[in-house]
Every structure is written in structure tokens, then in C-alpha cells.
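Student: Got a structure for you, questions after.
Read the figures in this text as sums done on the coordinates, not as results from a lab. Not measured: the values here are computed from a predicted model. As a convention, Cβ positions derive from the backbone with ideal geometry for all residues, glycine included, and neighbour counts pool all protein chains shown.
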Amino acid sequence: MMATPAAGAVPAAVLLAADRVGRKFGSFTAVQDVTLHLGPGEVVGLLGANGAGKTTLIRMLLGLLGTTMGEVELLGGPPDLERRRHLGYVPQGLGLYRDLTVSENLAFSAQAYGTAPPDLPEALRKGAGRLVAELPLGLQRQLAFLIALAHDPAVLVLDEPTSGVDALARATLWDTIHEQAEEGVGVLVTTHNMAEAEQCDRLMLMSAARLVAQGSEADIIGPTTALAIRTDDWARAFAVLNKAGQPVMLAGRDVRVADAEADLVRRILADAGVNAEVSGVRATIEERMMVLSRAPEGP
Amino acid sequence: MTYGVRSGVVWFGATLALDDVSLIVEPGSVVAVVGGDGAGKTTLLRSLVGKVRLERGEVDAPPPEAIGYLPATAGSWLSLTVAQNMDFVGGIYGLSGQELVSRRDELLERASLSSSADRLASQLSGGMRRKLGFSMAMVHDPPLLVLDEPSTGIDPVSRVDLWRLVSEAAAAGAAVVMSTTYLDEAERAASLLALDGGRTLANGTLADVLASFNGTITRISTPHRRAWAWRRGREYHEYWPTDTAVPSGAVTVTPDLEDVVITMSMLKRREREPA
């Protein structure tokens, strides 16, 4: 279901577009041949390991960094200052002035955008006179959101918006994100928390500068499979598979191996005298990413 | 030998940082302490390693030289190389000569840091730095390993790597406790302790925690009671206590750890701030 853009939002089928963009730093290619379209009301999750190129891509999308290949279009044109007024951005470091109070931070950004300071939710109202540095992280994140949303942006770019906060604070932040999307805002979000993939309408996975998969969680996981190993002696199963160089992972009292041959795993376990039941299961996004990182030439 | 904290209470001035919290850490297993900023995770782990004194309650821990501790904020000296960091900590624990060299090389190899041995810690990525901190905490092969948020803020691939290191330590017999903000890590641990505002939300194996949940969770596009609902993608999950009738036709879901932790957090906070 696609929400209709709210009055005042810029009507466009695509709010933010990157067409085959790339970026080189000297001989190093940080981003190569990435195409991305963000429409009104969409929540798109950008996933990838460190060094995959997410941050460079985001900086190009925000107009903070030029491309060395391809074009970025924000609201139908280049991401210049005027168009960037319709962007809301919450960086990983939150971008707040830690040595100013909550009210002072709000007043500063309101003045920069020429808008009125937004109304504060109760939790922040109580702390309006406190220095940002003294606030719990969950409240700091709420404040950064409030500031990013105060000028009614058409596009919201969020870099790791929920890092470090508890499950309930995370749910509150996702509420805000979905409310924005329902009003027609296009949202691009990065996360290291793969459980949050379910919060996104669409996912994009980057690895080694390229976009390697996109779509639903199943599309991202693609052909990657995993084995679940049920045994009374997980420690020994883990140890022998680890020693054999298998990408092994502990899950409760079970052991998992991503992208492995069941026969080989059974043989390794049998040779070590470990009694185990080996069955094929759906891989996780992490496992897909781990497999990609072991084969840097891509899928 | 089982380690842990029994009914621990800690006050910081007027703030009750830990309110009757118990933690059990058994050899050969990983316990995850899960919660957000300010939940009490660090205070609990610091009380276990003897850096915070309990007001009430008891700590069962081995002597300091038998504990490996990775603090949340530091873990390595940025102006030393990877190898120097390892050697320095190894020296503190009385390792020297060939013994130190072989232990260091083995740990760096396991953490895929061998090729970075001569790099300054300040030049490492966040994930590599946490792996270095982990290796330093492991240098004296401690029976109790206490890791404060080893995985916060690092990317999923490094997290998988770290989890493998943590599992290796447990497989070799260490009692491991790690704090985390990620529920999936708590799900993967042998048992978990969920904290919120210094209080216990849930405790036990994943199966125990899920089984202890009372009430019903429904899935719905427009919640009946907004204050008791939270997003799961475009839809909401909504909590219904056992004494409340679930609306007819509502779609019931089997609660997962996220549903349970969110519900318990809501209930605990409601308790603390009566309407």
C-alpha cells in the first residue's frame, strides 16, 4: 500500500534517485554502479557491512559528496541547497550540540531552517532546560528526530537511528518513522540490527561497493542456506566445525553453519564422534552477509 | 563453579541503579544481559567484577586475576599497536617470553587480526577494535569472561565474528556473560536476563522467557488501544492482559522475544508511574 503525499509535500513519483552512481577516491572504488529510487511513503532499508559503501552512498544522496559516475536527483533535480531544505537527516552521531540545552538545540535548528520550534513530547519537555549531553540516549535520539522532522521534510535519511536504545524506545522511534511514511515522506534508513529489516517495505544490500541484492528479506537472503545442528554436546560440535574452518555459529544450544554442504558437515561431526542431527534451515540476513564477506568478488 | 550476583541492589545517590537483580553465569555457556541505555547492564557487570559495591546482595566471582573484563567504552590503548596492546595486558597477568608470544599469536589469529598486528589500535575499524578488546580480555585464559556491550555499534559481519569468538570461549569451558542491546544476541545465548530501569523484566532460557509470558498478542492494522500497541512493519502488535477480552476476530500471534520485552517494559513502567 502506498500512502498519498500530504499537502505541501512535493508531488513526485520518485523523491530521491541515484542512477548508476559511483564514487572513487583515487584508485579506491567506494561505490560502484548503484541505482536506487525512493518513492513517497516508502521505507527502504539500506544494509551492509562496514566498508560496503553505505556511508559514501548516503553522502552522495545528501549532496554532501559529488559522484564520479552517474547522477543523484533529489525532488527532480540536483541535490542543491534549495532542494536540501526538503531533506531531514539524522546522522549516526545524532548531530546535536551536546553542550547546548534541548531548547537551545531546537531554537538553533528552527532558525537555520526558518521554521517555528516544534512542540515537545512530555518526556523532552521535562528536560528542555537540560544539556543534551546529560540526557539518556533514547531521549537524545527522540530530539534528533524531532529536529530532523521540524521543517516537514519530503525525504528522511536516517543513519542507524535505533543504535543503543532499548526495545520500547526502538518501537517508539519506528512509530515515528512509519507515521512519517504514512504522510507521504520517503524514508531511507540504515541499520545494523537485522531484526529491523521487517520494519522496512524494501531492503537493499550493499557489499564491496556494489548493490548485491534488493527486495524483501527473502530476496536479500537469496540462495544462501544454513544448517541447524542439534546435539547434546554443542561445545564439541562447535569446536570441531570451527576447527574445520566452517562458518559456525552458536544459537542457544544448537549450532548453525551457513552456506555449508550437509554431507561434509555430517562427516566432520561423525569423524569426531559427535552425535548430531543436521537439517537444512532458512539462512538469516547476517548469514547472507557473512557469506558475501567471505567471497568479496560478490554473488 | 557457578558465578553470579544474588539479589543485587545498587544506589547511585538518589537513583536506584539495580533493584534486586540476580544473574547466574555457568561455565561453558553464554548469558546475555539485554537492555537499552540506562537499563543497569553496566552496573550489574561492574558489580560482578568488583568495580561497583552492592548495597545489598551477594557476588560470587573468582579473584580478579581469573576474570577477563571488556568494559563498554575502552578496551584498548589507541596509541599502542595491536601486538603492543596484547603484550602489555599479557605482561600484567604475568605472561612473558614464548608463552606470551604464542598466546598472543593464537588469539590474534582467531580474531582475524594477525595481519593487523603492527597497526595502531586507533587505525582499526570499530569491529576490529572490539575484537582486539575481546582478545585482550582473553589473554590469561580466564574462567569468567565479562563483556560489556562487545557488539554495540559494529556492523553485522563483525558481530557474527565476535559471537563466534564468544562461543569459542564458552565451548572451551569459560563462563561468559555479555551485555547487549540486540535481542537477537539474547536469543542466541544459552540464557538471558532482560533489564529495564535497573529492574529484571525476564530471566532464563529463551524458551522459559517466552513460556512465562501472560496475556495475548494480536496483529492488527489499526490498534484498539494505541498505548498498548507497537509497530511490526506496517502493522501493529497489540497486548491484551489475561483478564481482558480479546476482540472477536482478532488475529493472535505467537509472541517472540521482542513482543515479550516490549510488553514487560510497558507493564513495569506503568507500575512505576501510576496514572
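Student: Taking N as the number of residues in the range A:16-220, what value does Rg over Cα atoms divided by 2.2 N^0.38 Å take? Can you show the working numbers first?
Tutor: Numbers: Rg = 16.9 Å, N = 205, 2.2 N^0.38 = 16.6 Å.
Cα Rg divided by the expected 2.2 N^0.38 Å: 1.02.
Student: Still on this model: What percentage of all Cα-Cα pairs in the range A:225-282 are separated by more than 16 Å? It would help to have the intermediate numbers written out before the result.
Tutor: Numbers: 410 of 1653 pairs.
Roughly 25 percent, once rounded to a whole number.
Student: Per-residue Cβ counts within 10 Å, from other chains only, averaged over A:156-167: what number is that?
Tutor: Details: counts 0, 0, 0, 0, 2, 0, 2, 6, 6, 6, 16, 19.
What the average comes to for A:156-167 is 5.
Student: Further, regarding this structure: How far is helix A:234-243 tilted, in degrees, relative to the longest principal axis of the Cα atoms in chain A, given as a value from 0 to 90 rounded to the nearest 10?
Tutor: 90
Student: Counting alpha carbon pairs within less than 8 Å and at least 6 residues apart, what relative contact order, in whole percent, applies to chain B? Don't skip to the end; give the middle numbers.
Tutor: Values: 516 pairs, mean separation 62.0, N = 275.
In percent, rounded to a whole number, it is 23.
Student: Which of the listed residues, A:26, A:137, A:176, is farthest toward the dipole's positive end in chain A, when Lys, Arg count +1 and Asp, Glu count -1 at the beta-carbon?
Tutor: The one lying farthest along the dipole's positive direction is A:26.
Student: Over all alpha-carbon pairs in the protein assembly as shown, figure out the percentage whose distance exceeds 41 Å. Mind dumping the intermediate values first?
Tutor: Values: 40546 of 164451 pairs.
Tail fraction, whole percent: 25.
Student: Tally Lys and Arg at +1 and Asp and Glu at -1 over the other residues with C-beta under 12 Å from the C-beta of residue A:39: what net charge comes out? Intermediate results must be reported in sequence, preceding the final value.
Tutor: Details: positive: A:202; negative: A:42, A:201.
Residues close to residue A:39 contribute a combined charge of -1.
Student: Just need the relative contact order of the range A:16-220 here, percent rounded to a whole number, with Cα pairs under 8 Å and 6+ apart. It would help to have the intermediate numbers written out before the result.
Tutor: On the way: 381 pairs, mean separation 63.1, N = 205.
Relative contact order comes out at 31 percent.
Student: So what's the net charge close to residue A:74: Lys and Arg +1, Asp and Glu -1, counting the other residues with Cβ under 11 Å from its Cβ? Don't skip to the end; give the middle numbers.
Tutor: Values: positive: A:83, A:84, A:85; negative: A:71, A:73, A:80, A:82.
Charge balance in the 11 Å sphere: -1.
Student: Another question, if that's okay. Place +1 on the Cβ of every Lys and Arg and -1 on the Cβ of every Asp and Glu in the protein assembly as shown, take the dipole about the Cα centre, and give the residue among B:134, B:242, A:268 whose Cα lies farthest towards its positive end.
Tutor: It is B:134.
Student: If you don't mind, another one. Which semi-axis lengths, in whole Å and largest first, follow from the square roots of five times the eigenvalues of the Cα gyration tensor of the range A:185-267?
Tutor: Working: eigenvalues 201, 40, 24 Å².
Output for the range A:185-267: semi-axes of 32, 14, 11 Å.
Student: Given the rule -39500 (n - 2.57) for each run of at least 4 DSSP H residues, summed and divided by the residues of chain B, what is its mean residue ellipticity at 222 nm, to the nearest 500 deg cm²/dmol? Intermediate results must be reported in sequence, preceding the final value.
Tutor: Working: 8 runs with 89 residues, N = 275.
That comes out to -10000 deg cm²/dmol.
Student: A further question on this structure: Quote the relative contact order of the range A:32-116 in percent (integer), defining contacts as alpha-carbon pairs under 8 Å separated by 6+ residues. The partial results should precede the final answer.
Tutor: Details: 33 pairs, mean separation 13.0, N = 85.
Result for the range A:32-116 is 15 percent.
Student: I'd like to verify something in chain B: which complete DSSP H helices, judged by Cα projection on the helix axis, reach 27 Å or more and average at least 1.0 on the Kyte-Doolittle scale?
Tutor: On the way: long enough: none.
TM-like helix candidates: nothing returned.
Student: Mind checking the angle between helix A:262-271 and chain A's longest principal axis? C-alpha axes, 0 to 90 degrees, to the nearest 10.
Tutor: 50
Student: Quick check: net charge around residue A:65, other residues with Cβ under 12 Å of its Cβ, Lys/Arg +1 and Asp/Glu -1?
Tutor: Computed value for this residue: +3.
Student: To the nearest 10 degrees, how steep is helix A:285-294 against the longest Cα principal axis of chain A, on a 0 to 90 scale?
Tutor: The two axes meet at around 70 degrees.
Student: In debye, nearest 20: dipole of the protein assembly as shown around its Cα centre with unit charges on the Cβ of K, R (+) and D, E (-)? Kindly include the intermediate steps, with their values, before the conclusion.
Tutor: Values: 53 positive and 69 negative charges, 124 e Å.
Once rounded to the nearest 20, the dipole reads 600 debye.
Student: Let me ask something else. Mind grabbing the base-10 log of I(q)/I(0) for the range A:136-224 at q = 0.18, 0.25 Å⁻¹? Debye formula, identical points on the C-alpha positions, no solvent, two decimal places.
Tutor: Computed log10 I(q)/I(0) values: -0.86, -1.34.
Student: What is the distance in Å between the Cα centres of the range B:109-150 and the range A:127-198?
Tutor: Rounded to whole Å, the Cα centres lie 31 Å apart.
Student: Taking the Cα centre of chain A as origin and charging only Cβ (+1 Lys, Arg; -1 Asp, Glu), how large is the dipole, in debye to the nearest 20? Don't skip to the answer; put the middle values down first.
Tutor: Details: 26 positive and 36 negative charges, 147 e Å.
Its charge dipole is roughly 700 debye.
Student: Still on this structure: If the cut-off is a Cα-Cα distance under 21 Å, which lysines reach residue B:51, setting aside same-chain residues fewer than 8 apart in sequence?
Tutor: Residue B:51 reaches B:41.
Student: Name the long-range amide H neighbours of residue B:60: under 5 Å, sequence gap of 5 or more, or other chain; modelled H, no Pro or chain starts.
Tutor: Amide H neighbours of residue B:60: B:4, B:5, B:6.
Student: Can you give me the C-alpha center-to-center distance between the range A:60-121 and the range A:217-279, rounded to a whole angstrom?
Tutor: If we compute the Cα centre of each part, the gap is 46 Å.
Student: Next question. Would you mind ranking A:126, B:268 by Cβ crowding within 10 Å, fewest neighbours first?
Tutor: Least to most surrounded, the residues fall as A:126, B:268.
Student: What translational diffusion coefficient, in µm²/s and rounded to a whole number, does the Stokes-Einstein relation yield for the range B:7-163 at 10 °C and a viscosity of 1.306 mPa s, taking the hydrodynamic radius as the Kirkwood radius over Cα pairs?
Tutor: Values: Rh = 16.6 Å.
The calculation lands on 96 µm²/s.
Student: Using a Gaussian network for chain B with springs between C-alpha atoms less than 10 Å apart, which of these wobbles most: B:134, B:88, B:12?
Tutor: Largest GNM mean-square fluctuation: B:12.
Student: Then there is this: Of all the Cα-Cα pairs you can form in chain B, what percent are over 29 Å apart? Write out the running numbers ahead of the final one.
Tutor: Working: 14747 of 37675 pairs.
Tail of P(r) above 29 Å: 39 percent of Cα pairs.
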